[in-house]
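Structure first, commentary second.
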Amino acid sequence: MNTYAVILVYSTSHAIQAERVLKAAGLPAKLIPTPRHLSSDCGSAIRVAAADQEASTAALDQAGVPVDRVELLHG
């Protein structure tokens, strides 16, 4: 089973910005619908490999992209 991280953000525009920042940093990232069991606030989230979680959140912090939280999921 693969483990991955879902980065929850406050708006769809933040999700799009986050995907752009992560890809520019060379980190594989995918814009996904937010899993409903995690949040109903924003319809979009970013999926990254669990191994890239720390680097991803650091890149987003440096770029000033606000992050709600990060959840690890298995799938």
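Scanning the stretch 14-28 for any residue that is assigned to a loop (DSSP other than H, G, I, E, B) and exposed (fewer than 14 other Cβ atoms within 10 Å of the Cβ) turns up at least one such residue. Selection of the stretch 34-75 for residues being among the polar types (S, T, N, Q) and either exposed (fewer than 14 other Cβ atoms within 10 Å of the Cβ) or at pLDDT 95 or above (or both) yields S40, Q53, S56, T57, Q62.
Take the conditions in contact with a Lys or Arg (Cβ under 6 Å, 6 or more places away or on another chain), closer than 13 Å to A5 by Cα and touching a residue at least 40 places away in the same chain (Cβ under 8 Å) and apply them to R69. Does it pass? Answer is no for this residue.
The values are calculated or read from the model by the stated rules, or taken from the named source; none is laboratory data. Everything numeric here is computed off the predicted structure, so don't read it as measured data. Note that each Cβ is placed from the backbone with ideal geometry, even for glycine, and that neighbours are counted across all protein chains shown.
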